[in-house]
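A short worksheet on the structure shown next.
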Amino acid sequence: MKIALIIIGDEVLLGQVTDTNASTIARLLYKQGLEVFKKWTVADQESEIIQALNEASQQADLILITGGLGPTKDDITKKTLAGYMNVQLVFSEINKEHLTMMLTKRNIPVTELHMAQCYLPANAELLDNKLGTAMGMWMEYKQKIYISMPGVPYEMEYIMIHGVMPRLAEMNQNIKVIHQTIHTVGMGETEIASIIEPKLGALPDYISLAYLPSAGQVKLRLTGRHTDTELIQQELMQFKHIIDECLKEQILGYGDTSLEQEIGNLLRNQNKFLSIAESCTGGFLSHKITSVPGASEYYKGGVIAYLNDIKESILSVPEELLNNHGAVSEECVRAMVKGACEVFNTDYAIAISGIAGPGGGTPDKPVGTVWMAFGSRVEIKTRKFLFSRDRLRNIEASATYALIEFWKMLK
């Protein structure tokens, strides 16, 4: 089944709204072994929508559409779909009942403008939306399936999960899809590919390998699609074993895990506690650690020591050290680790200090210079990185690489 998306909305084209719907739809479809092969993003104009429908219907079996189902003048999707499919717009009592119930719960009076939402193409089957007034529509025309959903992300996702995916699963029930995800750190995708692909050889056509890179990490996702579940399970385990043997120490974990989760597992298993002292990351490192449920079992707390005064008064970083070496230095982050271990009475601490940018750099310490340390009161390891000149990327990369280095130390 070839699947295409049509995302409707001037706000998306103008950059006022980020299109998260396409990624959500693609993620949900992929879980059932279905993939989007093309996407159109178009304005709230009938001619643009018609052109996208014409092109999509020539290339796809299933066309998923989001946007343009509201009560205002720019919401023209239903009218355009009815015209495209040569059917009338008809009033739906089911839609009226749903809309009235939703508005009454919110103490909003029902108006004639709201009632305009209750007209839909005559061949449309409604898909329930318990989160909003605009219901989804399932339509079939000239042996193609068209599914129209509201553009509000959480409403669209509800309709996809509860209305669309179960029906697609029935249509695709003979094909079994199994994923095997391997998380790696410390190597880029090109380097990984050069190591593992000669060993893997030519994969069967029912098994695919995807590389999903991010800062300091690469996820390898093996996917098997076949009617024989036992066959693809055996094949995936065989290829996973080959990758394990090739990468060994670079492997972080498997399945639905993360760097933060694996660090938590190690700390919990070792019955150790962690604290954090961060400057340029402004709390982002602590946020990553505490994003894992149950982090209180191994994480006590952190200090955002943004100013030198705080480094001195709370973390006991000597004033002389700061004067001689500066806040962005190996000496400073070492002292921050010791200070955090003392303040929070923890076994380990991570410290970060750097120049996130866009200003503040010098010839000796340009923007993106980051020092980090990790260890205990007794043993401390340090690393220096030079990241990009983009502030947010520097913050995110600093936190991620600090966790990678700490994970290596714990291992």
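Please enumerate the residues belonging to region 81-104 that are within 26 Å of residue 47 (Cβ to Cβ) and either among the acidic types (Asp, Glu) or within 33 Å of the chain's Cα centre (by Cα) (or both).
81
Restricting attention to region 361-370, does a residue exist that is of a type in the set (Asp, Glu) and either buried (at least 16 other Cβ atoms within 10 Å of the Cβ) or closer than 21 Å to residue 259 by Cβ (or both)?
No, region 361-370 contains no residue that is of a type in the set (Asp, Glu) and either buried (at least 16 other Cβ atoms within 10 Å of the Cβ) or closer than 21 Å to residue 259 by Cβ (or both).
Could you check region 296-315 and list, in sequence order, the residues that are touching a helix residue (DSSP H, G or I) at 6+ places or on another chain (Cβ under 6 Å) and not acidic (Asp, Glu)?
Matches in region 296-315: 298, 299, 300, 301, 302, 305, 308, 315.
Sort out which residues of region 342-353 are buried (at least 24 other Cβ atoms within 10 Å of the Cβ) and not β-branched (Val, Ile, Thr), and write them in order of number.
So the first thing to find is which residues in region 342-353 are buried (at least 24 other Cβ atoms within 10 Å of the Cβ), and the list is 348-353.
Selection gives 348, 349, 351, 353.
If I ask for residues that are among the aliphatic types (A, V, I, L, M) and either closer than 14 Å to residue 409 by Cα or assigned to a loop (DSSP other than H, G, I, E, B) (or both), which ones from region 252-289 would you list?
So the first thing to find is which residues in region 252-289 are among the aliphatic types (A, V, I, L, M), and the list is 252, 259, 263, 266-267, 274, 276-277, 285, 289.
Within region 252-289, 252, 259, 263, 266, 267, 274 meet the criteria.
Mind checking which residues of region 26-49 are touching a Gly at 6+ places or on another chain (Cβ under 8 Å) and in a helix (DSSP H, G or I)?
46, 49
Rundown of residues vs (1) over 30 Å from residue 208 (Cα atoms); (2) in contact with an Asp or Glu (Cβ under 9 Å, 6 or more places away or on another chain), yes/no style:
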residue	(1), (2)
19	no, no
46	yes, no
69	yes, yes
79	yes, yes
95	yes, no
114	yes, no
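Being closer than 25 Å to residue 263 by Cβ and aliphatic (A, V, I, L, M) narrows it down to one of 327, 277, so name that one.
Among 327, 277, only 277 is closer than 25 Å to residue 263 by Cβ and aliphatic (A, V, I, L, M).
Out of region 27-48, which residues are free of Cβ contacts under 8 Å to residues at least 12 places away in the same chain and either crowded, with 20+ Cβ neighbours inside 10 Å or within 17 Å of residue 155 (Cα to Cα) (or both)?
27
Considering only residues that are in contact with a helix residue (DSSP H, G or I) (Cβ under 9 Å, 6 or more places away or on another chain) and farther than 21 Å from residue 289 by Cα, which ones fall in region 386-404?
Passing the criteria: 387, 388.
Restricting to region 94-108, name every residue that is without any contact (Cβ under 8 Å) to a residue 24 or more places away in the chain and either surrounded by 15 or more Cβ atoms within 10 Å (Cβ to Cβ) or touching a Cys at 6+ places or on another chain (Cβ under 6 Å) (or both).
The answer is 96, 100.
Of the residues 312, 320, 278, 330, only one is assigned by TED's automatic domain parsing to the domain that holds residue 393 and touching a Lys or Arg at 6+ places or on another chain (Cβ under 9 Å); which?
Answer to the check: 330.
If I go through region 378-403 residue by residue, how many of them are surrounded by fewer than 19 Cβ atoms within 10 Å (Cβ to Cβ) and either touching a strand residue (DSSP E or B) at 6+ places or on another chain (Cβ under 9 Å) or among the aromatic types (Phe, Trp, Tyr) (or both)?
6
Which one is surrounded by the most Cβ atoms within 10 Å (Cβ to Cβ) among residues in region 61-76 that are out of contact with any strand residue (DSSP E or B) (no Cβ under 6 Å at 6 or more places or on another chain) and of a type in the set (Val, Ile, Thr)?
Here the answer is 76.
Here is a list of conditions, (1) closer than 25 Å to residue 392 by Cβ; (2) part of a helix (DSSP H, G or I), and residue 312 meets all of them except one; can you say which number that is?
Tallying (1) closer than 25 Å to residue 392 by Cβ; (2) part of a helix (DSSP H, G or I), residue 312 fails exactly one: (1).
Report yes if residue 100 is at pLDDT below 95, in a loop (DSSP other than H, G, I, E, B) and polar (S, T, N, Q), otherwise no.
no
Sort through 58, 51, 88 and tell me the only one that's assigned by TED's automatic domain parsing to the domain that holds residue 110 and touching a Pro at 6+ places or on another chain (Cβ under 9 Å).
Result of the check over 58, 51, 88: 88.
The values are calculated or read from the model by the stated rules, or taken from the named source; none is laboratory data. Bear in mind that the values here come from a model prediction, so they are computed numbers and not experimental data. In this analysis, Cβ positions are derived from the backbone assuming ideal geometry, glycine residues included, and neighbour counts consider all displayed protein chains.
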